[in-house]
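The values are calculated or read from the model by the stated rules, or taken from the named source; none is laboratory data. These numbers come from a predicted model, not from an experiment. Glycine gets a Cβ as well: all are built from the backbone with ideal geometry, and neighbour counts include every protein chain shown.
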Amino acid sequence: MSFVIVGYGRVGTRTVRILHEEGHAVTVVETDVDKITRAREAGHQVIAGDGTDQAVLQDAGLDSALAVAGLTGNPVCNYQVCQHASEAGCRTVMRISEDVPEDQYNKYSANVDELVYPEQLGAAGAKTALLGGSFNALSELTAGLRLISLTIPEGAPIIDKTVNEIDFDSTARVYAHGLAGESMTIPRPGQQIASGDRVALVVEQESVESAKQALLGE
């Protein structure tokens, strides 16, 4: 399987490395000279150019790629990359920031196959999304972090709260959410929590119990 990755920053670098180690063909698209050099020194195929330019994506193998990811730090650029890729029939993955406004989130989620954040799990999430996997399949966690999945019981203190209103004492973050009986996805900022929902958290190892208490009230 072949993939095109636009952006060779922290998330892009890790995503390319993971895909490469798993035996997939990967082409990097990048404009920064230092990053281009670093990618080539790591043994990766690189196209020097702007990934929002369809001709550059064509040079990178757009027509034969299974999926394309926009993983730069600029969500506008990432969205343009995904638009070109979608028109070519590719699966699309877009990196977004955690504070994206809800109207923008709705626009992105309606037109892109998968959105990935936060940075701590960006590479693992991007790799999983490119391959069409589920969030439960994530395995490349950053050292010191855990991904835990919980079902919210009746009477839990977070019921009727939005994702942004959950008060964690730790550095825990909600990474994915699923309504009862449905698959898990990146949650909208204003997503309300209901009994029976499943919530996936990214949390530091030492803060697992306090994060569970914040969600479940136990």
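To keep it simple, each residue is scored yes or no on (1) crowded, with 16+ Cβ neighbours inside 10 Å; (2) at pLDDT 75 or above; (3) among the β-branched types (V, I, T); (4) within 25 Å of G12 (Cβ to Cβ).
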{"site": "L130", "(1), (2), (3), (4)": "yes, no, no, yes"}
{"site": "G144", "(1), (2), (3), (4)": "no, no, no, yes"}
{"site": "I148", "(1), (2), (3), (4)": "no, yes, yes, no"}
{"site": "G155", "(1), (2), (3), (4)": "no, yes, no, no"}
{"site": "V202", "(1), (2), (3), (4)": "yes, yes, yes, yes"}
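Hey, could you check segment 85-101 for residues that are within 15 Å of G9 (Cβ to Cβ) and assigned to a loop (DSSP other than H, G, I, E, B) and say which is modelled with the highest pLDDT?
Among those residues, the one meeting the criterion is I96.
Here are G23, G49, G9: which of them is more than 19 Å from the chain's Cα centre (by Cα), assigned by TED's automatic domain parsing to the domain that holds N74, at pLDDT below 95 and surrounded by fewer than 21 Cβ atoms within 10 Å (Cβ to Cβ)?
Matching residue, one of G23, G49, G9: G23.
Which of the numbered conditions does Q104 fail, given that it passes all the others? Conditions: (1) of a type in the set (S, T, N, Q); (2) at pLDDT below 95; (3) within 14 Å of the chain's Cα centre (by Cα).
Status for Q104: all satisfied but (3).
Yes or no: P118 modelled with pLDDT under 85 and surrounded by 14 or more Cβ atoms within 10 Å (Cβ to Cβ)?
Yes: the conditions hold for P118.
Restricting attention to segment 173-188, which residues are among the small types (G, A, S) and either under 17 Å from A110 (Cβ atoms) or surrounded by fewer than 21 Cβ atoms within 10 Å (Cβ to Cβ) (or both)?
G178, A180, G181, S183
Hey, can you tell me all the residues within segment 18-34 that are assigned to a helix (DSSP H, G or I) and out of contact with any helix residue (DSSP H, G or I) (no Cβ under 8 Å at 6 or more places or on another chain)?
H20, E21, V33, D34 - these are the residues of segment 18-34 that are assigned to a helix (DSSP H, G or I) and out of contact with any helix residue (DSSP H, G or I) (no Cβ under 8 Å at 6 or more places or on another chain).
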